[in-house]
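The values are calculated or read from the model by the stated rules, or taken from the named source; none is laboratory data. Keep in mind that what you see is a predicted model, and the values were worked out from it rather than measured. All Cβ positions, even for glycine, are placed from backbone atoms using ideal geometry, and neighbour counts span all protein chains on display.
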Amino acid sequence: MTKRIRQGAAVAIAGLLATATACTGQQPSPPGFAGRQLSAEPGVNGAGAGGDEGARTFTLLASGDILPHSVIIDRAAADAGGKGYDFRPMLKGAAPAVSGADLAICHMETAYGEKGGPYTGYPSFKSPPEVATALRATGFDSCSTASNHTLDDGAEGVGRTLDALDRAGVAHAGSARSAAEASRPTLLRAGKGKNAAKVAHLAYTYGTNDIPLPAGRPWAVNLIDKDRIVSDARAARKAGADVVVVSLHWGTEWQDAPDDVQLALGRELTASGSGERPDIDLILGTHAHVPQAYEKVNGTWIVYGMGDQVAGAMINYEGARDPRANESSMGRFTFGPPAKPGQRWAVEKAEFIPQWFDPTAGRVVSLDSGASSTAGPDRGRLGGIRDRIQRAVLSRGAAQDGLVAGK
């Protein structure tokens with residue numbers, strides 16, 4: 001994390017992952033309840049085999065980092081009119097696309113503080129738990145919670161964050177309150193009825209800003225390790241997942257292009273497979289603060305970096321205010337069922353939706369084809385921002401593989 005400009009539906013299915021630490025004596029807190037989370041019922045689509053009669057396509061949408069700097073917290077306080085914090089207005093511009101998807105995933109980068117505060121921004125974040133309420137109101141079903149800021153307030157911060165997401169009805173992946181919770185994948189329902197797909201959401205981070213894992217709690221946050229990710233993905237398949245989605249907090253801050261580590265790990269993860277399908281069906285990247293490329297690698301889509309969906313104005317490593325920190329994309333992928341059991345659910349349509357967070361107004365602004373009618377910056381400025389995002393997104397040839405701008 002770099003400096004910013006300072007201003008005034010039921011439960012996740014149990015499935016022990018091969019690399020997780022077991023702890024039979026602990027009972028985990030229940031995972032988050034989201035409207036489209038998986039119910040505790042017999043396996044859908046043949047426990048992950050796919051190909052059942054009546055299975056239908058579904059859309060999965062993912063967005064970038066939610067990073068509440070102090071100015072964002074101040075804005076939420078103002079929007080609440082002196083009664084706590086309200087983050088819903090700033091996310092309203094994203095709500096149509098988010099709520100319109102069958103399944104929507106966000107990245108909650110920071111830990112939550114105690115109800116009533118105190119709350120802090122950079123460099124050690126403690127965010128109001130009301131963020132979780134706004135995420136659910138916007139339409140998000142699950143959030144990755146593994147980031148370099150996950151441990152900013154220690155194990156207590158992890159617990160408060162996951163508790164708040166649970167209360168709001170938002171599932172989560174990437175951090176845990178117990179070994180038992182860490183040992184099972186988050187499984188979500190994409191669609192309704194017995195033929196809805198099961199989607200596993202897994203999440204990992206490159207590190208925790210040199211904050212050590214809490215004593216006796218090595219499972220508090222998932223760290224990136226190729227072998228572990230593959231093992232977890234395979235365990236999620238065994239637990240019934242039709243589609244496995246992996247969120248990765250990785251990359252080099254302020255770099256438009258994915259770095260060598262991202263490229264190499266992306267190739268390795270997408271090359272791993274079992275039978276007629278890959279172990280991982282989609283990779284979603286966060287952390288770099290700026291929009292990065294989408295790319296189809298070994299037949300699997302990777303979003304190297306979506307950028308920050310919500311963040312204050314920021315200063316880059318050169319000491320200059322960098323407007324790219326308020327630019328992002330949302331990825332929307334339409335998955336279709338396999339022709340026969342054992343094959344993959346394939347992406348039938350891949351889209352990106354450009355967004356801008358107006359740091360003055362404190363609002364997410366959609367930059368799709370209707371953006372020209374949006375109040376605020378003039379039409380030319382919006383177009384310039386949209387074009388810059390598009391150049392980054394398409395910089396590794398994704399258009400040739402069918403990626404298009406969404407509406």
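Summary table
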quantity: Selection status of GLY46, farther than 21 Å from ASP308 by Cα, surrounded by fewer than 24 Cβ atoms within 10 Å (Cβ to Cβ) and at pLDDT below 95; calculated: yes
quantity: Scope segment 281-304; condition under 21 Å from LEU382 (Cα atoms) and of a type in the set (Gly, Ala, Ser); matching residues; calculated: ALA293
quantity: Members of segment 193-230 found to be farther than 27 Å from ALA111 by Cβ, surrounded by fewer than 24 Cβ atoms within 10 Å (Cβ to Cβ) and small (Gly, Ala, Ser), listed by number; calculated: GLY193, ALA196
quantity: Candidate set: segment 267-317, residues that are on the phi > 0 side of the Ramachandran plot and surrounded by fewer than 22 Cβ atoms within 10 Å (Cβ to Cβ); chosen: the one farthest from the chain's Cα centre (by Cα); calculated: GLY275
quantity: Output for segment 318-336, where each listed residue is over 12 Å from HIS289 (Cβ atoms) and buried (at least 24 other Cβ atoms within 10 Å of the Cβ); calculated: SER329, MET330, GLY331, PHE333, PHE335
quantity: Near pairs, Cβ below 8 angstrom, 6+ apart or cross-chain, from segment 381-392 (farther than 14 Å from PHE357 by Cβ) to any residue that is of a type outside the set (A, V, I, L, M) and loosely packed, with under 14 Cβ neighbours inside 10 Å; calculated: GLY383/SER372
quantity: Residue that is surrounded by the most Cβ atoms within 10 Å (Cβ to Cβ), among those in segment 370-407 that are assigned to a helix (DSSP H, G or I), at pLDDT 85 or above and among the basic types (Lys, Arg); calculated: ARG386
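Results for (1) under 16 Å from the mean Cα position of the chain (by Cα); (2) among the basic types (Lys, Arg), shown as yes or no for each residue.
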residue: GLU156; (1), (2): no, no
residue: ASP163; (1), (2): no, no
residue: VAL170; (1), (2): yes, no
residue: ARG177; (1), (2): no, yes
residue: ARG184; (1), (2): no, yes
residue: ASN195; (1), (2): no, no
